[in-house]
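Worksheet: one structure, shown below.
The values are calculated or read from the model by the stated rules, or taken from the named source; none is laboratory data. Computed from a prediction, not measured in an experiment: that's the story for all the values here. Because the Cβ atoms are built from the backbone with ideal geometry, glycine has one as well, and the counts that use them run over all protein chains shown. Keep in mind that these areas ignore ligands, DNA and RNA; they rest on the heavy atoms of the full protein, side chains included. Shrake-Rupley method; radii C 1.70, N 1.55, O 1.52, S 1.80 Å.
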Amino acid sequence: MTGTDFAAALYCVLGGIASAFSALAFYAASPPCRWPRLRRAGRLGRHIGLVAFATGLWLWMGQLGLAAGLCVTLAGWMLAAMALPYLAAWTRPYAAERG
């Protein structure tokens, strides 16, 4: 593996992490958030999510170009946004609080 291949893979991994973190931050700021610790983020979650989304978009666009970078960023973001409510329901955070 050459240095440029490693850098390209690193950009892709960081772009995916930034997209997933953006979806998590927006989910934390939304009213249906089932995790009480994340819900406290409130308005700050929206700002963090926007910055993380822009970072992921920048990383993907730098690697793949404008159109492909936008599509991959939105696909990764939507995958994480769809998985988070199911993950929250699976972990049952409110059941642990009630005892």
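State yes or no: is Gly45 free of Cβ contacts under 8 Å to residues at least 24 places away in the same chain, open to solvent by less than 40 Å² (accessible area, probe 1.4 Å), at negative phi and under 15 Å from the mean Cα position of the chain (by Cα)?
For Gly45, the condition - free of Cβ contacts under 8 Å to residues at least 24 places away in the same chain, open to solvent by less than 40 Å² (accessible area, probe 1.4 Å), at negative phi and under 15 Å from the mean Cα position of the chain (by Cα) - is met.
List pairs: first residue in region 49-62 and more than 15 Å from Met78 (Cα to Cα) and of a type in the set (Gly, Ala, Ser), second residue open to solvent by less than 50 Å² (accessible area, probe 1.4 Å) and assigned to a helix (DSSP H, G or I) anywhere in the structure, Cβ distance under 9 angstrom, at least six positions apart or on different chains.
So the pair list comes out as Gly62/Gly15; Gly62/Gly69.
Return yes or no: is Gly65 over 19 Å from the mean Cα position of the chain (by Cα), open to solvent by less than 60 Å² (accessible area, probe 1.4 Å) and modelled with pLDDT of 85 or more?
Criteria met by Gly65.
Looking at region 1-16, which of its residues are surrounded by 12 or more Cβ atoms within 10 Å (Cβ to Cβ) and of a type in the set (A, V, I, L, M)?
Selection gives Ala8, Ala9, Leu10, Leu14.
Test of understanding: among Gly65, Gly42, Gly56, Gly76, which residue is under 30 Å from Thr4 (Cβ atoms), out of contact with any Ser or Thr (no Cβ under 7 Å at 6 or more places or on another chain) and not hydrophobic (A, V, I, L, M, F, W, C)?
Only one candidate qualifies: Gly65.
Pairs needed: first member in region 17-31, open to solvent by 10 Å² or more (accessible area, probe 1.4 Å); second member anywhere, part of a helix (DSSP H, G or I) and of a type in the set (Asp, Glu); C-beta distance under 8 Å; at least 6 residues apart or different chains.
none
Checking Thr73 against (1) in contact (Cβ under 8 Å) with a residue 60 or more places away in the chain; (2) within 15 Å of Val13 (Cβ to Cβ), only one condition comes out false. Which one?
Single failed check for Thr73: (1).
Which residues, counting only those in region 32-42, are of a type outside the set (Phe, Trp, Tyr) and surrounded by 13 or more Cβ atoms within 10 Å (Cβ to Cβ)?
If the condition is that a residue be of a type outside the set (Phe, Trp, Tyr) and surrounded by 13 or more Cβ atoms within 10 Å (Cβ to Cβ), then Cys33, Arg34, Leu38, Arg39, Ala41 are the ones that fit.
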